[in-house]
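As structure tokens, the structure follows; a few thoughts come after it.
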Amino acid sequence: MYGGRTSRWPTLLAVTASLALAGCGTTRYRPVSDTPVRLGKPYTVGGTTYTPAADPMFDVLGYASWYGSESGNQVALGERFRPQWVTAAHTTLPLPTYVEVTALETGRTILVRVNDRGPFARGRIIDLSRGAAEQLGVHRSGVAAVRVRRVDPPEEDRARLRKGKRAAERPRVPDTALANLRAQLEAGVRQGLVQAP
């Protein structure tokens, strides 16, 4: 008692302690940023060891899948996963990395920010967010043949992706070049150099 009234300090301390304890279970997300770029140590998933590496000449043909139900989860870079953003997961590229992804069926090409690890399914080279799959036009299929090429885009495009907005679409790949890319992918599958999904 102080001055004839009941002190509120014990109650205030109890409420403050409860709020502090409740906050212990919340995830702290890293702000969306392009620095520092992280490679990470080799890691093993499902018996396969992946070794992250910087490869400025990365240019690969294969198959993409997409994911979108993990809203709010933390990606490997420490950021919050937002399904509608144009992001992707890759097993070994530095985080973040910017890549152009081309749908080999249509020639449509978009810029994507890689901020997560995966995919760990057979025959997949990249896992697109729902937003990336929609922009690329492959969201209706579970898997799509793609070309993934590392690029160094202008800061304006990077900033748009970091804010959850789409970067301007890249020029569509001409039909003759697209036919050549499809033939290379088919040859790679036949020779066992590319895993089919």
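Mind checking which of A54, N180, A88 is farthest towards the positive end of the stretch 52-190's charge dipole, using Cβ charges of +1 (Lys, Arg) and -1 (Asp, Glu) about the Cα centre?
Most positive-ward Cα: A88.
Give, as a single signed number, the net charge of other residues whose beta carbon lies under 9 Å from the beta carbon of E100, with Lys and Arg counted +1 and Asp and Glu -1. List each step's numbers first, then the result.
Working: positive: R147, R149, R150, R170; negative: none.
Its environment carries a net charge of +4.
Span-like helices, the chain: DSSP H, alpha-carbon axial extent 15 Å or more, mean Kyte-Doolittle 1.0 or greater, which ones?
Helices meeting the criterion: 9-23.
If each DSSP helix of 4+ residues adds -39,500 (n - 2.57) and the sum is divided by the residues in the chain, what number results at 222 nm, nearest 500 deg cm²/dmol? Please list the in-between numbers first.
Details: 4 runs with 46 residues, N = 197.
-7000 deg cm²/dmol, from helical runs alone.
About its Cα centre, how strong a charge dipole does the stretch 71-118 have in debye, to the nearest 20, once Lys and Arg get +1 and Asp and Glu get -1 at the Cβ?
Dipole magnitude for the stretch 71-118 comes out near 140 debye.
If the label point is 7 Å along Cα→Cβ of A196, which residues in the stretch 91-105 have backbone nitrogen under 15 Å from it?
none
Report, please, the projected area of the chain averaged over directions, based on the convex hull of its C-alpha atoms, in nm².
Numbers: hull surface 62.7 nm².
Hull-based average projected area comes out at 15.7 nm².
Distance in nm between label sites at E105 and A187, each 7 Å beyond Cα in the beta-carbon direction?
2.5
Report the relative contact order of the chain, percent, no decimals, based on alpha-carbon pairs under 8 angstrom and at least 6 residues apart.
In percent, rounded to a whole number, it is 24.
Mind checking the full-extension length gain between D59 and R38? Use 0.36 nm per residue of separation minus the Cα-Cα distance, one decimal, nm.
Extending this stretch completely gives an extra 5.6 nm.
What is the magnitude of the charge dipole of the chain about its Cα centre, with +1 placed on the Cβ of each Lys and Arg, -1 on the Cβ of each Asp and Glu, and no other charges, expressed in debye to the nearest 20?
In total the dipole reaches around 640 debye.
When E79, E155 are ordered from fewest to most other Cβ atoms inside 10 Å of their Cβ, what list results?
Neighbour counts put them in this order, fewest first: E155, E79.
Read the figures in this text as sums done on the coordinates, not as results from a lab. All values derive from a computational prediction rather than experimental measurement. Glycine gets a Cβ as well: all are built from the backbone with ideal geometry, and neighbour counts include every protein chain shown.
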